[in-house]
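The values are calculated or read from the model by the stated rules, or taken from the named source; none is laboratory data. The shown structure was predicted, so the numbers you read here are calculated from the model rather than taken from an experiment. Ideal geometry is used to build each Cβ from the backbone, glycine not excepted, and the neighbour counts take in all protein chains shown. Keep in mind that these areas ignore ligands, DNA and RNA; they rest on the heavy atoms of the full protein, side chains included. Shrake-Rupley method; radii C 1.70, N 1.55, O 1.52, S 1.80 Å.
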Amino acid sequence: METGYSIDGVRERLGDMAASALAREEIVPALRATRDADPLAALIRLWWLGVPVSMAAADLPLQDLIETGLLVRLGDTVQATVHLQPWDAGAAGPAYVVSDRKVRPGDPSLRPDHVVGAGGASANLAQLGWAAPAGRALDLGTGCGVQVLHLAPRAGQVVATDVNRRALRLARLSWELSGVHGVEAREGSMYDPVDGERFDLVVSNPPFVIAPEARYTYRETGRHGDDFCRELVRRTPRHLAQGGHARFLANWLHVKGEDWQDRVGGWLTETGCDGWAVQRDVQDPAEYVELWLRDSAEHGTSAYRERYDEWLAWFESMDVTGVGFGWIALHDSGSLSPLVRVEELTQPVEPPAGALVEEVLRAARAAHELSDGDLLDARLRVADGVVEERVGPPGADDPSRIVLRQTRGARRTATVGTVEAALAGVCDGDLPTRPLLAAIAELTGEDPDAVLGRAPAALRPLVAEGFLSVASSAASPR
Ligand SMILES: C[S@@+](CC[C@H](N)C(=O)[O-])C[C@H]1O[C@@H](n2cnc3c(N)ncnc32)[C@H](O)[C@@H]1O
């Protein structure tokens, strides 16, 4: 399609202000910017903004599109029944995503089988799955089919499932328009359509919204609390090939008297896989309910207060204090001693997040497998981009706090003692940890045995979190 209807073409045609407004779902500036009925403006109005366009201005096979139901005729204008947006799938050619149009305040309410378009969450998941090897790949809950656009260029075979038949119909259109062929689309819930099958990569942006009832298939399932995400995680190992990976977006409950990390850690532990769960955001129940009532454009409707109240009461009945949003990564590492890591990372991480997942799992496994003796014998190396910050009163000889900060990757910080800071300053992979610590103890006047005794407990988290890596060691699995 040499029409200019691409991400760059639309942005250029709209200009920065209207394009930014459109990203906030505000269409008025874009309507103003496309008042001239040039061909690109007509396409933007028709497919993106969803307003009627005069048949004379739409340079398209109108009759065919009307017959397939993608356009409806209204007098001498046509209007699209779907939303068709250009998408950056990183592939060679242009990609398009077909979905239902996002509902805006004042629109008729959403249909229960609404097919949600590709957005920020879709892009996040696409990034997360980016580095994992994909021979046979599964997109569970494909919706508009966007994940498949990212998987197809590097997977030998892609299977996409959804419980919503309309979603599969629109997904097939997305793939066809994007030149993606050979995808197996299967209808059914969770892993039912792939019973007995295994995959090298499973990705899912599931219907994770935790709500008292299932009103919209694209986001809610009617399962109790966060059971859908838990079940998704729990059933995954039976569908991972040896060495396979899974990448999910998920929501989980924070419940009074329970540590959320224990809750999500429990999900991962049940799998027997290596697992990493990351909380990127947490909202209190009111914020959460508002977010999702706004998502379905119910703000200001007559039912708003009642729904809000019911949803909050339901949370209250389960002692819910908040809802976490984040990622879950699983790896069938084959280890008899799987590692599980659950943490909060709210800072922007270095893209692509998929490469980071691989790195984090590798570092956490390395730390997990090193005995205390191995750690002292290892030749450690400080990671690229780690900087040291010393905080203290102006003019003071000694800092009150020393922080190691990663400027790359997960961009974590760690508060460390003077010995670890000194070690980070000298460890370049040349000498083992033990003689380095002995030299540091001598310089700082500390008891060398005490320094060596404390070191493994202090160094293991720094290795697990990627501040230090093992250049070489006499490591043996613990
Ligand atoms: C949030 S949308 C994700 C769409 C798309 N994959 C993306 O990344 O943007 C969730 C999808 O899961 C589907 N879904 C809902 N319940 C499901 C179930 N029980 N089993 C499989 N898919 C389900 C919905 O129809 C919807 O298409």
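Is at least one residue of the stretch 125-144 at positive phi and within 17 Å of the chain's Cα centre (by Cα)? Give the steps one after another, and end with the answer.
So the first thing to find is which residues in the stretch 125-144 are at positive phi, and the list is 141, 143.
Still in the running and within 17 Å of the chain's Cα centre (by Cα): 141, 143.
Within the stretch 125-144 (the criterion being at positive phi and within 17 Å of the chain's Cα centre (by Cα)), the answer is yes, since at least one residue qualifies.
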Exercise. Report, ordered by the first and then the second residue, all pairs with beta carbons closer than 7 Å, sequence separation of six or more or different chains, a first member in the stretch 378-406 that is free of Cβ contacts under 8 Å to residues at least 40 places away in the same chain, and a second member that is of a type in the set (Asp, Glu) and open to solvent by 40 Å² or more (accessible area, probe 1.4 Å).
Key: GLY392/ASP398; ILE402/GLU388; VAL403/GLU389; ARG405/GLU389
Practice problem: Among the residues of the stretch 11-49, write down those that are more than 28 Å from the chain's Cα centre (by Cα) and not in a helix (DSSP H, G or I). | Solution: GLY15, THR34, ARG35, ASP36, ALA37, ASP38
Quiz item: Identify, please: which residue in the stretch 429-444 is open to solvent by 70 Å² or more (accessible area, probe 1.4 Å) and either among the hydrophobic types (A, V, I, L, M, F, W, C) or free of Cβ contacts under 8 Å to residues at least 12 places away in the same chain (or both) and is, among those, nearest to ASP384 (Cα to Cα)?
Solution: LEU431
Quiz item: Which residue out of VAL382, VAL451, VAL419 is open to solvent by less than 70 Å² (accessible area, probe 1.4 Å) and either of a type in the set (Asp, Glu) or closer than 24 Å to PRO351 by Cα (or both)?
Solution: VAL382
Exercise. Report yes if VAL116 is open to solvent by 50 Å² or more (accessible area, probe 1.4 Å) and assigned by TED's automatic domain parsing to the domain that holds TYR218, otherwise no.
Key: yes
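Name the single residue that is surrounded by the fewest Cβ atoms within 10 Å (Cβ to Cβ) among those in the stretch 146-162 being more than 7 Å from the ligand (Cβ to nearest atom) and assigned to a helix (DSSP H, G or I). Reasoning before the result, please.
As a first pass, look at the stretch 146-162 and keep what is more than 7 Å from the ligand (Cβ to nearest atom): 148-160.
Restricting the remaining residues to those that are assigned to a helix (DSSP H, G or I) gives 148-154.
Working: VAL148: 25, LEU149: 29, HIS150: 27, LEU151: 27, ALA152: 25, PRO153: 13, ARG154: 17.
Checked the stretch 146-162; the qualifying residue surrounded by the fewest Cβ atoms within 10 Å (Cβ to Cβ) is PRO153.
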Practice problem: Working only within the stretch 203-221, note down all residues that are away from the ligand (no atom under 12 Å from the Cβ) and open to solvent by less than 40 Å² (accessible area, probe 1.4 Å). | Solution: ILE210, ALA211
Quiz item: Hey, any hits in the stretch 92-109 for a residue that's open to solvent by 40 Å² or more (accessible area, probe 1.4 Å), touching a strand residue (DSSP E or B) at 6+ places or on another chain (Cβ under 9 Å), at pLDDT 95 or above and within 11 Å of the ligand (Cβ to nearest atom)?
Solution: no
Quiz item: Is it true that some residue in the stretch 241-253 is farther than 22 Å from ARG365 by Cβ and of a type outside the set (A, V, I, L, M)?
Solution: yes
Practice problem: Go through (1) over 26 Å from ALA23 (Cβ atoms); (2) open to solvent by 40 Å² or more (accessible area, probe 1.4 Å) and name the single condition GLY69 misses. | Solution: (2)
Exercise. For ARG460, indicate whether it is in contact with a helix residue (DSSP H, G or I) (Cβ under 8 Å, 6 or more places away or on another chain), open to solvent by 40 Å² or more (accessible area, probe 1.4 Å) and of a type outside the set (A, V, I, L, M).
Key: yes
Quiz item: Quick one: would you say THR346 is touching a residue at least 60 places away in the same chain (Cβ under 8 Å), of a type in the set (Ser, Thr, Tyr) and open to solvent by 30 Å² or more (accessible area, probe 1.4 Å)?
Solution: yes
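Just to check your reading of the model, which residue among HIS224, HIS181 is more than 10 Å from the ligand (Cβ to nearest atom), open to solvent by 50 Å² or more (accessible area, probe 1.4 Å) and under 23 Å from GLY275 (Cβ atoms)?
On the way: HIS181 fails: under 23 Å from GLY275 (Cβ atoms).
Just one listed residue meets the conditions, HIS224.
Which ones in the stretch 190-201 are away from the ligand (no atom under 12 Å from the Cβ) and outside any loop (DSSP other than H, G, I, E, B)? Even if it seems obvious, please write down each step before you answer.
Restricting attention to the stretch 190-201, the residues satisfying the condition of being away from the ligand (no atom under 12 Å from the Cβ) are 195-201.
Hits for the stretch 190-201 are PHE199, ASP200, LEU201.
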Quiz item: What pairs can you find where one residue is in the stretch 124-145 and assigned to a loop (DSSP other than H, G, I, E, B) and within 11 Å of the ligand (Cβ to nearest atom), the other is open to solvent by 20 Å² or more (accessible area, probe 1.4 Å) and of a type in the set (Ser, Thr, Tyr), and their Cβ atoms are less than 8 Å apart, with a gap of 6+ or different chains?
Solution: GLY143/TYR218
